[in-house]
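To keep things clear, I will list the structure first and then write my remarks on it.
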Amino acid sequence: MQTHAIDIQALKRDQPQPSGPAGPAETSLRMEQLNLFYNNSQALYDINLEIPRQRVTAFIGPSGCGKSSLLRCINRMNDLVDGCRVDGRLLLENEDVYDRRVDVAALRRRVGMVFQKPNPFPKSIYENVAYGLRIQGINKKRVLDEVVEKSLRAAALWEEVKDRLHESALGMSGGQQQRLVIARTIAVEPEVLLLDEPASALDPISTLKIEELIYELKSRYTIVIVTHNMQQAARVSDMTAFMYMGKLIEYDDTDTLFTNPEQKQTEDYITGRYG
Amino acid sequence: MLQQDSYKQHISAQFNAELESVKNHLLEMGGLVEQQIGKAVDSLLNRDSGLAEEVIAGDEQVNDFEIRIDEECFRILARRQPAASDLRLVLAISKVTTDLERIGDEASKIARQAVKASEEAASSSATFTEIRHISNHVGEMLRHALDAFARLDVDMAVETVIADRSVDSEYATAMRSLVTFMMEDPRTISPVLGQMWTLRSLERVGDHACNIAENVIYLVRGLDVRHVEPDELINQVEEK
(Lines give C-alpha, C1' and ligand atoms only; values in the text may rest on other atoms or scores of the structure.)
Protein backbone atom coordinates (compact mmCIF):
# COMPACT_ATOMS: atom_id res chain seq x y z
CA MET A 1 0.00 0.00 0.00
CA GLN A 2 2.87 2.30 0.84
CA THR A 3 4.23 2.30 -2.70
CA HIS A 4 0.72 2.90 -4.01
CA ALA A 5 0.39 6.09 -1.99
CA ILE A 6 3.81 7.30 -3.10
CA ASP A 7 2.98 6.71 -6.74
CA ILE A 8 -0.15 8.84 -6.49
CA GLN A 9 1.87 11.69 -5.01
CA ALA A 10 4.43 11.35 -7.79
CA LEU A 11 1.66 11.55 -10.36
CA LYS A 12 0.34 14.72 -8.77
CA ARG A 13 3.79 16.29 -8.80
CA ASP A 14 4.31 15.39 -12.43
CA GLN A 15 1.20 17.16 -13.61
CA PRO A 16 1.93 20.21 -15.75
CA GLN A 17 1.86 23.07 -13.27
CA PRO A 18 2.77 26.54 -14.40
CA SER A 19 1.28 27.40 -11.04
CA GLY A 20 4.25 29.22 -9.67
CA PRO A 21 6.66 27.84 -7.13
CA ALA A 22 6.98 24.09 -6.77
CA GLY A 23 5.92 22.44 -3.57
CA PRO A 24 2.95 23.22 -1.40
CA ALA A 25 1.38 26.62 -1.90
CA GLU A 26 1.59 29.17 0.86
CA THR A 27 -1.44 30.97 2.15
CA SER A 28 -2.20 34.32 0.59
CA LEU A 29 -5.61 35.02 2.07
CA ARG A 30 -6.96 33.72 5.34
CA MET A 31 -10.50 34.17 6.60
CA GLU A 32 -11.20 33.53 10.25
CA GLN A 33 -14.75 33.36 11.59
CA LEU A 34 -15.84 35.86 8.98
CA ASN A 35 -19.45 37.01 9.25
CA LEU A 36 -21.13 39.50 6.97
CA PHE A 37 -24.38 41.36 7.63
CA TYR A 38 -26.45 43.57 5.40
CA ASN A 39 -28.42 45.58 7.99
CA ASN A 40 -30.08 42.89 10.06
CA SER A 41 -29.80 40.02 7.67
CA GLN A 42 -26.74 37.85 7.79
CA ALA A 43 -25.15 36.99 4.45
CA LEU A 44 -22.11 34.99 5.56
CA TYR A 45 -21.74 32.71 8.56
CA ASP A 46 -18.44 31.88 10.25
CA ILE A 47 -16.35 31.48 7.13
CA ASN A 48 -12.95 29.92 7.75
CA LEU A 49 -10.92 29.58 4.61
CA GLU A 50 -7.29 29.67 3.48
CA ILE A 51 -6.63 30.65 -0.10
CA PRO A 52 -3.24 29.58 -1.47
CA ARG A 53 -0.90 31.97 -3.22
CA GLN A 54 -0.45 31.62 -6.99
CA ARG A 55 -3.26 29.15 -7.32
CA VAL A 56 -6.78 29.48 -8.65
CA THR A 57 -9.51 29.12 -6.06
CA ALA A 58 -13.12 28.89 -7.22
CA PHE A 59 -16.25 29.69 -5.21
CA ILE A 60 -19.30 27.81 -6.43
CA GLY A 61 -22.86 27.57 -5.18
CA PRO A 62 -26.41 28.49 -6.10
CA SER A 63 -27.51 32.10 -6.53
CA GLY A 64 -27.66 33.95 -3.26
CA CYS A 65 -25.33 31.55 -1.45
CA GLY A 66 -22.92 34.35 -0.58
CA LYS A 67 -20.07 33.54 -2.94
CA SER A 68 -19.99 37.02 -4.51
CA SER A 69 -20.40 38.65 -1.09
CA LEU A 70 -17.41 36.67 0.13
CA LEU A 71 -15.39 37.68 -2.92
CA ARG A 72 -16.28 41.33 -2.34
CA CYS A 73 -15.11 41.14 1.26
CA ILE A 74 -11.59 40.54 0.02
CA ASN A 75 -11.14 44.01 -1.48
CA ARG A 76 -13.76 45.61 0.74
CA MET A 77 -16.18 46.29 -2.09
CA ASN A 78 -18.93 45.63 0.45
CA ASP A 79 -17.95 48.86 2.21
CA LEU A 80 -19.85 50.63 -0.56
CA VAL A 81 -23.10 48.97 0.51
CA ASP A 82 -25.10 50.84 3.15
CA GLY A 83 -25.69 48.95 6.37
CA CYS A 84 -23.00 46.43 5.62
CA ARG A 85 -21.03 45.11 8.57
CA VAL A 86 -18.24 42.57 8.75
CA ASP A 87 -16.89 40.78 11.77
CA GLY A 88 -14.18 38.18 12.10
CA ARG A 89 -10.87 38.52 10.36
CA LEU A 90 -9.73 38.54 6.76
CA LEU A 91 -5.96 38.49 6.39
CA LEU A 92 -4.05 39.30 3.23
CA GLU A 93 -0.44 38.20 3.70
CA ASN A 94 -1.10 38.23 7.44
CA GLU A 95 -2.43 41.80 7.53
CA ASP A 96 -6.04 42.33 8.49
CA VAL A 97 -7.84 43.89 5.55
CA TYR A 98 -10.45 45.31 7.92
CA ASP A 99 -7.90 46.96 10.20
CA ARG A 100 -8.72 50.61 10.88
CA ARG A 101 -5.38 51.75 9.48
CA VAL A 102 -5.77 50.07 6.10
CA ASP A 103 -5.92 52.45 3.14
CA VAL A 104 -8.75 51.02 1.05
CA ALA A 105 -7.45 52.51 -2.21
CA ALA A 106 -4.09 50.88 -1.59
CA LEU A 107 -5.80 47.60 -0.75
CA ARG A 108 -7.69 47.68 -4.05
CA ARG A 109 -4.42 48.22 -5.90
CA ARG A 110 -3.17 45.02 -4.31
CA VAL A 111 -6.45 43.21 -4.95
CA GLY A 112 -7.74 43.79 -8.48
CA MET A 113 -11.24 42.88 -9.52
CA VAL A 114 -12.94 41.94 -12.79
CA PHE A 115 -16.72 41.83 -13.08
CA GLN A 116 -19.24 39.80 -15.03
CA LYS A 117 -19.92 42.47 -17.61
CA PRO A 118 -16.82 43.87 -19.30
CA ASN A 119 -16.56 47.51 -18.22
CA PRO A 120 -13.93 49.21 -20.37
CA PHE A 121 -13.77 52.97 -19.98
CA PRO A 122 -14.99 54.98 -23.00
CA LYS A 123 -11.40 55.70 -23.96
CA SER A 124 -8.84 54.18 -26.27
CA ILE A 125 -7.49 50.70 -25.70
CA TYR A 126 -4.16 52.23 -24.71
CA GLU A 127 -5.67 54.65 -22.22
CA ASN A 128 -7.75 51.91 -20.62
CA VAL A 129 -4.64 49.94 -19.75
CA ALA A 130 -2.61 53.03 -18.80
CA TYR A 131 -5.40 54.35 -16.59
CA GLY A 132 -4.26 52.84 -13.31
CA LEU A 133 -0.74 54.16 -13.78
CA ARG A 134 -1.91 57.63 -14.76
CA ILE A 135 -3.95 57.99 -11.57
CA GLN A 136 -0.82 57.01 -9.70
CA GLY A 137 0.83 60.01 -11.41
CA ILE A 138 2.92 58.04 -13.85
CA ASN A 139 2.84 59.84 -17.19
CA LYS A 140 6.17 59.04 -18.85
CA LYS A 141 5.36 57.75 -22.31
CA ARG A 142 8.21 55.23 -22.30
CA VAL A 143 7.02 53.66 -19.03
CA LEU A 144 3.39 53.66 -20.10
CA ASP A 145 4.18 52.13 -23.52
CA GLU A 146 6.08 49.37 -21.84
CA VAL A 147 3.41 48.58 -19.24
CA VAL A 148 0.60 48.71 -21.82
CA GLU A 149 2.38 46.23 -24.08
CA LYS A 150 3.36 43.95 -21.21
CA SER A 151 -0.16 43.93 -19.76
CA LEU A 152 -1.84 43.37 -23.11
CA ARG A 153 0.56 40.53 -23.85
CA ALA A 154 -0.13 39.00 -20.44
CA ALA A 155 -3.85 39.27 -21.16
CA ALA A 156 -3.30 37.49 -24.52
CA LEU A 157 -4.66 40.50 -26.37
CA TRP A 158 -1.55 42.21 -27.78
CA GLU A 159 -1.50 40.45 -31.14
CA GLU A 160 -5.15 41.30 -31.74
CA VAL A 161 -4.97 45.00 -30.88
CA LYS A 162 -1.39 46.19 -31.39
CA ASP A 163 -2.31 48.00 -34.60
CA ARG A 164 -5.28 49.82 -33.13
CA LEU A 165 -4.20 50.81 -29.65
CA HIS A 166 -5.61 54.28 -30.03
CA GLU A 167 -9.06 53.21 -31.20
CA SER A 168 -11.95 53.17 -28.77
CA ALA A 169 -12.14 50.15 -26.48
CA LEU A 170 -15.90 50.13 -26.99
CA GLY A 171 -15.43 48.86 -30.54
CA MET A 172 -13.96 45.57 -29.31
CA SER A 173 -15.88 42.30 -28.97
CA GLY A 174 -17.16 41.28 -25.54
CA GLY A 175 -14.41 38.70 -25.11
CA GLN A 176 -11.74 41.21 -26.10
CA GLN A 177 -13.24 43.81 -23.76
CA GLN A 178 -13.08 41.37 -20.88
CA ARG A 179 -9.44 40.59 -21.61
CA LEU A 180 -8.79 44.34 -21.86
CA VAL A 181 -10.29 44.78 -18.41
CA ILE A 182 -8.02 42.03 -17.13
CA ALA A 183 -5.05 43.81 -18.78
CA ARG A 184 -6.11 47.05 -17.09
CA THR A 185 -6.33 45.25 -13.75
CA ILE A 186 -2.91 43.60 -13.98
CA ALA A 187 -1.22 46.77 -15.28
CA VAL A 188 -0.95 48.00 -11.69
CA GLU A 189 0.57 44.65 -10.65
CA PRO A 190 -1.85 43.49 -7.98
CA GLU A 191 -1.15 40.45 -5.79
CA VAL A 192 -4.64 39.04 -5.97
CA LEU A 193 -7.11 38.95 -8.86
CA LEU A 194 -10.79 38.62 -8.02
CA LEU A 195 -12.91 37.44 -10.93
CA ASP A 196 -16.66 37.66 -10.47
CA GLU A 197 -18.29 35.54 -13.19
CA PRO A 198 -15.68 36.78 -15.69
CA ALA A 199 -16.92 34.70 -18.60
CA SER A 200 -20.64 34.36 -18.06
CA ALA A 201 -21.50 37.05 -20.61
CA LEU A 202 -19.16 35.62 -23.24
CA ASP A 203 -19.49 33.06 -26.02
CA PRO A 204 -17.82 29.63 -25.55
CA ILE A 205 -14.67 30.46 -27.52
CA SER A 206 -14.09 33.75 -25.68
CA THR A 207 -14.79 31.84 -22.48
CA LEU A 208 -12.05 29.35 -23.30
CA LYS A 209 -9.65 32.21 -24.03
CA ILE A 210 -10.39 33.73 -20.63
CA GLU A 211 -9.89 30.33 -18.99
CA GLU A 212 -6.59 29.89 -20.80
CA LEU A 213 -5.61 33.34 -19.60
CA ILE A 214 -6.47 32.45 -16.01
CA TYR A 215 -4.22 29.41 -16.34
CA GLU A 216 -1.37 31.60 -17.60
CA LEU A 217 -1.89 34.29 -14.97
CA LYS A 218 -1.81 32.04 -11.95
CA SER A 219 1.96 31.75 -12.16
CA ARG A 220 2.05 35.38 -10.99
CA TYR A 221 -1.17 36.10 -9.16
CA THR A 222 -3.41 34.57 -6.56
CA ILE A 223 -6.70 34.19 -8.36
CA VAL A 224 -10.13 33.86 -6.83
CA ILE A 225 -13.00 33.22 -9.20
CA VAL A 226 -16.74 33.10 -8.63
CA THR A 227 -18.58 31.12 -11.24
CA HIS A 228 -22.00 29.64 -11.88
CA ASN A 229 -20.50 27.34 -14.44
CA MET A 230 -19.35 24.27 -12.58
CA GLN A 231 -17.46 22.84 -15.51
CA GLN A 232 -15.57 26.10 -15.62
CA ALA A 233 -14.65 25.81 -11.95
CA ALA A 234 -13.57 22.23 -12.60
CA ARG A 235 -11.47 23.30 -15.58
CA VAL A 236 -9.66 26.32 -14.20
CA SER A 237 -9.32 25.98 -10.45
CA ASP A 238 -6.89 24.22 -8.14
CA MET A 239 -9.11 24.57 -5.09
CA THR A 240 -12.89 24.79 -4.95
CA ALA A 241 -15.15 26.05 -2.19
CA PHE A 242 -18.81 25.10 -2.25
CA MET A 243 -21.10 27.54 -0.47
CA TYR A 244 -24.75 27.27 0.41
CA MET A 245 -26.99 29.73 2.27
CA GLY A 246 -24.08 31.86 3.43
CA LYS A 247 -22.09 28.93 4.79
CA LEU A 248 -18.97 27.26 3.52
CA ILE A 249 -20.09 23.66 3.09
CA GLU A 250 -16.97 22.09 1.65
CA TYR A 251 -13.53 23.25 0.59
CA ASP A 252 -11.09 20.89 -1.03
CA ASP A 253 -8.76 20.49 -3.96
CA THR A 254 -10.78 20.61 -7.16
CA ASP A 255 -10.02 17.02 -8.19
CA THR A 256 -11.44 15.65 -4.97
CA LEU A 257 -14.42 17.97 -4.87
CA PHE A 258 -15.52 17.03 -8.36
CA THR A 259 -14.86 13.29 -8.17
CA ASN A 260 -15.57 12.40 -4.57
CA PRO A 261 -17.01 15.20 -2.46
CA GLU A 262 -17.46 14.53 1.22
CA GLN A 263 -20.73 16.35 1.83
CA LYS A 264 -24.03 15.24 0.38
CA GLN A 265 -25.04 18.86 -0.30
CA THR A 266 -21.94 19.33 -2.43
CA GLU A 267 -22.61 16.09 -4.27
CA ASP A 268 -26.23 17.07 -4.94
CA TYR A 269 -25.25 20.49 -6.23
CA ILE A 270 -22.43 19.49 -8.56
CA THR A 271 -24.36 16.55 -9.99
CA GLY A 272 -27.52 18.61 -10.50
CA ARG A 273 -29.87 16.90 -8.06
CA TYR A 274 -32.64 18.23 -5.92
CA GLY A 275 -31.27 19.58 -2.66
CA MET B 1 -21.11 8.18 -0.46
CA LEU B 2 -23.46 6.99 -3.15
CA GLN B 3 -26.91 5.90 -2.14
CA GLN B 4 -29.17 3.41 -3.78
CA ASP B 5 -31.80 5.56 -5.47
CA SER B 6 -29.72 8.67 -5.94
CA TYR B 7 -29.53 8.63 -9.68
CA LYS B 8 -33.22 9.11 -9.92
CA GLN B 9 -32.98 12.54 -8.36
CA HIS B 10 -31.44 14.73 -11.01
CA ILE B 11 -33.24 17.88 -12.00
CA SER B 12 -32.92 16.59 -15.55
CA ALA B 13 -35.30 13.64 -15.88
CA GLN B 14 -33.62 12.73 -19.15
CA PHE B 15 -30.27 12.37 -17.37
CA ASN B 16 -31.91 10.11 -14.76
CA ALA B 17 -33.27 7.97 -17.57
CA GLU B 18 -29.90 7.73 -19.31
CA LEU B 19 -28.05 6.64 -16.17
CA GLU B 20 -30.80 4.22 -15.27
CA SER B 21 -30.73 2.75 -18.73
CA VAL B 22 -26.97 2.21 -18.92
CA LYS B 23 -26.98 0.67 -15.45
CA ASN B 24 -29.80 -1.69 -16.40
CA HIS B 25 -27.99 -2.72 -19.56
CA LEU B 26 -24.90 -3.50 -17.52
CA LEU B 27 -26.90 -5.67 -15.13
CA GLU B 28 -28.53 -7.46 -18.08
CA MET B 29 -25.09 -8.07 -19.52
CA GLY B 30 -23.98 -9.37 -16.13
CA GLY B 31 -26.89 -11.79 -16.04
CA LEU B 32 -26.08 -13.03 -19.52
CA VAL B 33 -22.40 -13.53 -18.73
CA GLU B 34 -23.23 -15.40 -15.54
CA GLN B 35 -25.43 -17.71 -17.58
CA GLN B 36 -22.69 -18.19 -20.18
CA ILE B 37 -20.20 -19.30 -17.54
CA GLY B 38 -22.75 -21.59 -15.88
CA LYS B 39 -23.67 -23.20 -19.19
CA ALA B 40 -20.04 -23.53 -20.28
CA VAL B 41 -19.10 -25.39 -17.11
CA ASP B 42 -22.23 -27.59 -17.34
CA SER B 43 -21.44 -28.44 -20.94
CA LEU B 44 -17.99 -29.58 -19.86
CA LEU B 45 -19.12 -31.57 -16.84
CA ASN B 46 -21.92 -33.27 -18.80
CA ARG B 47 -19.92 -33.59 -22.04
CA ASP B 48 -22.76 -31.78 -23.79
CA SER B 49 -21.32 -30.39 -27.02
CA GLY B 50 -24.69 -28.96 -28.08
CA LEU B 51 -24.82 -26.75 -25.02
CA ALA B 52 -21.18 -25.80 -25.57
CA GLU B 53 -21.95 -24.66 -29.12
CA GLU B 54 -24.77 -22.56 -27.73
CA VAL B 55 -22.32 -20.83 -25.39
CA ILE B 56 -19.85 -20.17 -28.23
CA ALA B 57 -22.63 -18.64 -30.34
CA GLY B 58 -23.88 -16.61 -27.36
CA ASP B 59 -20.60 -14.74 -27.04
CA GLU B 60 -21.65 -12.49 -29.90
CA GLN B 61 -24.51 -11.17 -27.78
CA VAL B 62 -22.06 -10.42 -24.96
CA ASN B 63 -19.87 -8.49 -27.39
CA ASP B 64 -22.86 -6.50 -28.64
CA PHE B 65 -23.69 -5.54 -25.07
CA GLU B 66 -20.13 -4.32 -24.54
CA ILE B 67 -20.27 -2.05 -27.57
CA ARG B 68 -23.71 -0.72 -26.76
CA ILE B 69 -22.90 0.05 -23.13
CA ASP B 70 -19.64 1.75 -24.09
CA GLU B 71 -21.52 3.90 -26.58
CA GLU B 72 -23.97 4.92 -23.89
CA CYS B 73 -21.09 5.80 -21.55
CA PHE B 74 -19.37 7.91 -24.20
CA ARG B 75 -22.60 9.70 -24.96
CA ILE B 76 -23.22 10.53 -21.31
CA LEU B 77 -19.63 11.74 -20.84
CA ALA B 78 -19.81 13.94 -23.93
CA ARG B 79 -23.24 15.37 -23.41
CA ARG B 80 -23.73 15.51 -19.65
CA GLN B 81 -20.22 16.00 -18.26
CA PRO B 82 -21.15 14.00 -15.17
CA ALA B 83 -19.44 14.83 -11.88
CA ALA B 84 -18.84 13.10 -8.56
CA SER B 85 -20.88 9.90 -8.07
CA ASP B 86 -22.36 10.19 -11.58
CA LEU B 87 -18.88 10.33 -13.03
CA ARG B 88 -17.80 7.38 -10.92
CA LEU B 89 -20.89 5.46 -12.04
CA VAL B 90 -20.16 5.98 -15.72
CA LEU B 91 -16.47 5.13 -15.34
CA ALA B 92 -17.23 2.07 -13.21
CA ILE B 93 -19.80 0.84 -15.73
CA SER B 94 -17.36 1.26 -18.57
CA LYS B 95 -14.70 -0.75 -16.72
CA VAL B 96 -17.08 -3.44 -15.48
CA THR B 97 -18.28 -3.91 -19.06
CA THR B 98 -14.74 -4.73 -20.10
CA ASP B 99 -14.43 -7.30 -17.32
CA LEU B 100 -17.78 -8.85 -18.23
CA GLU B 101 -16.77 -9.12 -21.85
CA ARG B 102 -13.57 -10.89 -20.85
CA ILE B 103 -15.56 -13.28 -18.66
CA GLY B 104 -17.68 -13.95 -21.73
CA ASP B 105 -14.50 -14.83 -23.63
CA GLU B 106 -13.46 -17.23 -20.87
CA ALA B 107 -16.89 -18.88 -21.11
CA SER B 108 -16.29 -19.47 -24.82
CA LYS B 109 -12.86 -20.93 -24.10
CA ILE B 110 -14.33 -23.33 -21.57
CA ALA B 111 -17.06 -24.27 -24.07
CA ARG B 112 -14.39 -25.04 -26.68
CA GLN B 113 -12.67 -27.29 -24.17
CA ALA B 114 -16.05 -28.95 -23.59
CA VAL B 115 -16.44 -29.66 -27.31
CA LYS B 116 -12.95 -31.15 -27.34
CA ALA B 117 -13.55 -33.20 -24.21
CA SER B 118 -16.76 -34.64 -25.61
CA GLU B 119 -14.77 -35.92 -28.58
CA GLU B 120 -11.92 -37.40 -26.53
CA ALA B 121 -12.47 -40.93 -25.29
CA ALA B 122 -9.77 -40.58 -22.68
CA SER B 123 -11.54 -37.81 -20.86
CA SER B 124 -14.66 -39.89 -20.39
CA SER B 125 -13.18 -41.23 -17.20
CA ALA B 126 -12.28 -37.77 -15.85
CA THR B 127 -14.35 -36.59 -12.90
CA PHE B 128 -13.48 -32.90 -13.14
CA THR B 129 -13.48 -32.68 -9.35
CA GLU B 130 -11.25 -29.61 -9.26
CA ILE B 131 -13.20 -27.85 -11.99
CA ARG B 132 -16.50 -28.58 -10.28
CA HIS B 133 -15.21 -27.17 -7.04
CA ILE B 134 -13.57 -24.02 -8.37
CA SER B 135 -16.43 -23.26 -10.75
CA ASN B 136 -18.87 -23.24 -7.83
CA HIS B 137 -16.65 -20.87 -5.95
CA VAL B 138 -16.04 -18.56 -8.93
CA GLY B 139 -19.71 -18.58 -9.93
CA GLU B 140 -20.61 -17.42 -6.46
CA MET B 141 -17.97 -14.66 -6.61
CA LEU B 142 -19.35 -13.40 -9.89
CA ARG B 143 -22.91 -13.44 -8.57
CA HIS B 144 -21.86 -11.57 -5.46
CA ALA B 145 -19.90 -8.99 -7.45
CA LEU B 146 -22.92 -8.30 -9.66
CA ASP B 147 -25.31 -8.21 -6.69
CA ALA B 148 -22.96 -5.82 -4.93
CA PHE B 149 -23.05 -3.61 -8.01
CA ALA B 150 -26.85 -3.72 -8.25
CA ARG B 151 -27.31 -2.94 -4.55
CA LEU B 152 -24.23 -0.72 -4.11
CA ASP B 153 -23.24 -3.09 -1.30
CA VAL B 154 -19.67 -2.36 -0.22
CA ASP B 155 -19.51 -5.15 2.36
CA MET B 156 -20.41 -7.75 -0.21
CA ALA B 157 -17.86 -6.25 -2.62
CA VAL B 158 -15.14 -6.49 0.04
CA GLU B 159 -16.03 -10.15 0.68
CA THR B 160 -15.79 -10.82 -3.03
CA VAL B 161 -12.35 -9.25 -3.31
CA ILE B 162 -11.14 -11.32 -0.37
CA ALA B 163 -12.72 -14.50 -1.76
CA ASP B 164 -10.48 -14.16 -4.79
CA ARG B 165 -7.51 -15.03 -2.58
CA SER B 166 -8.91 -18.45 -1.74
CA VAL B 167 -9.77 -19.08 -5.39
CA ASP B 168 -6.15 -18.33 -6.27
CA SER B 169 -4.90 -20.81 -3.70
CA GLU B 170 -7.44 -23.47 -4.74
CA TYR B 171 -6.25 -22.97 -8.30
CA ALA B 172 -2.62 -23.54 -7.28
CA THR B 173 -3.59 -26.71 -5.38
CA ALA B 174 -5.64 -28.01 -8.30
CA MET B 175 -2.76 -27.40 -10.68
CA ARG B 176 -0.41 -29.39 -8.46
CA SER B 177 -2.76 -32.35 -8.28
CA LEU B 178 -3.29 -32.34 -12.06
CA VAL B 179 0.49 -32.33 -12.56
CA THR B 180 0.64 -35.40 -10.33
CA PHE B 181 -1.94 -37.17 -12.55
CA MET B 182 0.10 -36.46 -15.63
CA MET B 183 3.26 -37.79 -14.02
CA GLU B 184 1.52 -40.95 -12.92
CA ASP B 185 -0.03 -41.70 -16.28
CA PRO B 186 1.31 -39.95 -19.38
CA ARG B 187 -1.79 -41.03 -21.38
CA THR B 188 -3.79 -38.46 -19.41
CA ILE B 189 -1.57 -35.56 -20.50
CA SER B 190 -3.79 -34.34 -23.31
CA PRO B 191 -7.14 -34.35 -21.44
CA VAL B 192 -5.53 -33.02 -18.28
CA LEU B 193 -4.02 -30.12 -20.22
CA GLY B 194 -7.56 -29.33 -21.35
CA GLN B 195 -8.68 -29.31 -17.73
CA MET B 196 -5.81 -27.01 -16.88
CA TRP B 197 -6.92 -24.53 -19.52
CA THR B 198 -10.39 -24.60 -18.08
CA LEU B 199 -9.10 -24.08 -14.56
CA ARG B 200 -7.01 -21.21 -15.82
CA SER B 201 -10.14 -19.68 -17.41
CA LEU B 202 -12.10 -20.05 -14.18
CA GLU B 203 -9.30 -18.48 -12.20
CA ARG B 204 -9.37 -15.55 -14.63
CA VAL B 205 -13.14 -15.24 -14.15
CA GLY B 206 -12.45 -14.94 -10.43
CA ASP B 207 -9.97 -12.15 -11.13
CA HIS B 208 -12.52 -10.30 -13.26
CA ALA B 209 -15.20 -10.72 -10.58
CA CYS B 210 -12.69 -9.26 -8.14
CA ASN B 211 -12.15 -6.28 -10.47
CA ILE B 212 -15.91 -5.75 -10.65
CA ALA B 213 -16.11 -5.77 -6.86
CA GLU B 214 -13.25 -3.25 -6.64
CA ASN B 215 -15.17 -1.01 -9.02
CA VAL B 216 -18.22 -1.24 -6.74
CA ILE B 217 -16.08 0.03 -3.85
CA TYR B 218 -14.80 2.85 -6.06
CA LEU B 219 -18.30 3.67 -7.21
CA VAL B 220 -19.84 3.83 -3.75
CA ARG B 221 -16.97 5.21 -1.68
CA GLY B 222 -14.72 6.90 -4.23
CA LEU B 223 -11.93 4.69 -2.94
CA ASP B 224 -9.44 3.13 -5.35
CA VAL B 225 -8.59 -0.26 -3.83
CA ARG B 226 -6.82 -1.87 -6.76
CA HIS B 227 -3.51 -3.52 -5.84
CA VAL B 228 -4.27 -3.20 -2.15
CA GLU B 229 -3.67 -6.12 0.25
CA PRO B 230 -6.85 -7.55 1.88
CA ASP B 231 -6.02 -6.33 5.41
CA GLU B 232 -5.25 -2.86 4.14
CA LEU B 233 -8.42 -2.95 2.04
CA ILE B 234 -10.57 -3.66 5.09
CA ASN B 235 -8.84 -0.85 6.97
CA GLN B 236 -9.38 1.64 4.18
CA VAL B 237 -13.04 0.76 3.76
CA GLU B 238 -13.67 1.01 7.50
CA GLU B 239 -11.83 4.31 7.80
CA LYS B 240 -13.83 6.02 5.12
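Computed over protein heavy atoms with a 1.4 Å probe, the carbon and sulfur contribution to the accessible area of segment B:11-114 reaches 48%.
Sorted on the mean count of surrounding Cβ atoms within 10 Å across their residues, most packed first, peptides A:27-34, A:123-130 read A:123-130, A:27-34. Using just its DSSP H runs of length 4 or more, each adding -39500 (n - 2.57), chain B gives a mean residue ellipticity at 222 nm of -29500 deg cm²/dmol after division by all residues. The modelled label-to-label distance between B:His133 and B:Leu193, using points 7 Å beyond Cα along the C-beta direction, is 2.5 nm. When the residues A:Glu216, B:Glu72 are ordered by accessible surface, computed with a 1.4 Å probe over the protein chains alone, the sequence from largest down reads A:Glu216, B:Glu72. Under the criterion of Cα pairs below 8 Å and six or more residues apart, the relative contact order for chain B equals 25 percent. Within the listed set A:Ala25, A:Ala183, A:Ala106, the Gaussian network model of chain A (springs between alpha-carbon atoms below 10 Å) gives the highest mean-square fluctuation for A:Ala106. Over every Cα atom in chain B, the radius of gyration and the widest Cα-Cα span, Dmax, amount to 19.6, 68 Å.
Dividing the summed helix terms, -39500 (n - 2.57) for each DSSP H run of n ≥ 4, by the number of residues in chain A produces a 222 nm estimate of -11000 deg cm²/dmol to the nearest 500.
Residues of segment A:247-275 buried by at least 30 Å² of accessible area upon assembly of all protein chains, compared with the chain on its own (1.4 Å probe): A:Phe258, A:Thr259, A:Asn260, A:Lys264, A:Glu267, A:Thr271, A:Gly272, A:Arg273, A:Tyr274. Measuring r between the beta carbons of B:Glu120 and B:Asp168 and using R0 = 41 Å, the FRET efficiency lands at 0.90. Among the residues of B:12-19, the average count of other protein chain beta-carbon atoms within 10 Å of the residue beta-carbon is 1. Peptides B:46-59, B:153-166, B:210-223, A:37-50 ordered by packing proxy, namely the average of other Cβ atoms within 10 Å per residue, highest first: B:210-223, B:153-166, B:46-59, A:37-50. The spacing between segment A:235-275 and segment B:172-228, judged by their C-alpha centroids, is 42 Å.
Where the centre of each part is set by its Cα atoms, how far does segment B:22-36 sit from segment A:107-145, in angstrom? One Cα centre to the other: 63 Å. Per atom type, segment B:125-179 shows carbon and sulfur on 52% of its accessible surface, probed at 1.4 Å. In chain A, the longest principal axis of the Cα atoms and the axis of helix A:141-154 are about 40 degrees apart.
Cβ-Cβ distance of A:Met245 and A:Ser173, R₀ of 45 Å, FRET efficiency by 1/(1 + (r/R0)^6): the value works out to about 0.75. Stokes-Einstein diffusion for segment A:210-275 at 20 °C, viscosity 1.002 mPa s, with a Kirkwood radius from C-alpha pairs, works out to 170 µm²/s.
Rolling a 1.4 angstrom probe over the protein heavy atoms with all chains in place gives segment A:205-252 an accessible area of 40 Å² per residue. Solvent-accessible surface of protein heavy atoms, probed at 1.4 angstrom with all chains present, puts B:Phe65, B:Phe74 in the order B:Phe74, B:Phe65, largest first. Probing with 1.4 Å while keeping every protein chain in the model, the per residue accessible area of chain B equals 46 Å². Computing FRET efficiency as 1/(1 + (r/R0)^6) for B:Thr180 and B:Glu71, where r is the C-beta to C-beta distance and R0 is 60 Å, gives about 0.80.
Result for chain A in a Gaussian network model with C-alpha springs under 10 Å: among A:Ile205, A:Ile249, A:Ile182, the largest mean-square fluctuation is at A:Ile205.
Taking A:Arg55, A:Arg235, A:Arg101 in turn, the Gaussian network model of chain A (Cα-Cα springs below 10 Å) assigns the largest fluctuation to A:Arg101.
Association of chains B and A removes close to 1500 square angstrom of accessible area from solvent, both sides included, for a probe radius of 1.4 Å. For chain A, the share of accessible area belonging to carbon and sulfur comes to 50 percent (1.4 Å probe, ligands and nucleic acids excluded).
The values are calculated or read from the model by the stated rules, or taken from the named source; none is laboratory data. Predicted model only: the values in this text are computed from it and were never measured. Note: ideal-geometry Cβ built from the backbone for every residue, glycine included; neighbour counts use all protein chains shown. These accessible areas exclude ligands, DNA and RNA; they are computed on the full protein's heavy atoms, side chains included. Shrake-Rupley method; radii C 1.70, N 1.55, O 1.52, S 1.80 Å.
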